[in-house]
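Chemist: Shown below is the structure under consideration.
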Amino acid sequence: MDDTMCALLQNIDKLHTTDMGMERIKRNLALNVDDVVKWCRNKIQDAHAVITRKGKNWYIDIDGYEITVNAYSYTIITAHQSKDATVE
């Protein structure tokens, strides 16, 4: 596990989003869940998640989704279907 992944996973309990972020993620992914942060946390902690850091954000690719998290505040900014994958 590299330092980037380690930093995000070590601070996974700090993960949060705004009300607008929650609505945006639900809309973008057509999610029908009450706890968007928990859903994202589970995806990020999945053994198959690919976590990369570009500038101020982490990008997590998992199961055909890309989740964007601010690297300093641990705010989930958005999530959408990956451009390279089809969600089943």
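Chemist: Taking all protein chains in place and a 1.4 Å probe, what share, in percent, of the accessible surface of the chain do carbon and sulfur account for?
Modeler: 47
Chemist: Please work out the ratio of the alpha-carbon Rg of region 32-88 to 2.2 N^0.38 Å and round it to two decimals.
Modeler: Expressed relative to 2.2 N^0.38 Å, the Cα Rg reads 1.07.
Chemist: Looking at the chain only, what percent of DSSP beta bridges run antiparallel? Nearest 5 please.
Modeler: Antiparallel bridges: around 95 percent, rounded to the nearest 5.
Chemist: So, one more: Assuming 0.36 nm per residue, please report the length gained on full extension of the stretch residue 48 to residue 80 beyond their Cα-Cα distance.
Modeler: 9.8 nm
Chemist: By a straight-distance test (C-alpha under 23 Å), which lysines pair with residue 54 as possible cross-link partners, with residues fewer than eight away in the same chain excluded?
Modeler: Within the straight-line cut-off, residue 54 pairs with 14, 43, 83.
Chemist: When only C-alpha pairs under 8 Å and at least 6 residues apart count, what is the relative contact order of the chain, in percent?
Modeler: That works out to 27 percent.
Chemist: What value, in deg cm²/dmol to 500, does the helix sum -39500 (n - 2.57) over DSSP H runs of n ≥ 4 give at 222 nm once divided by the residues of the chain?
Modeler: Taking each H run of at least 4 residues, the total per residue is -9500 deg cm²/dmol.
The values are calculated or read from the model by the stated rules, or taken from the named source; none is laboratory data. Nothing here was measured: the structure is a model prediction, and the numbers come from that model. Just so you know, the surface numbers come from the protein's heavy atoms only, side chains and all, with ligands and any DNA or RNA stripped out. Shrake-Rupley method; radii C 1.70, N 1.55, O 1.52, S 1.80 Å.
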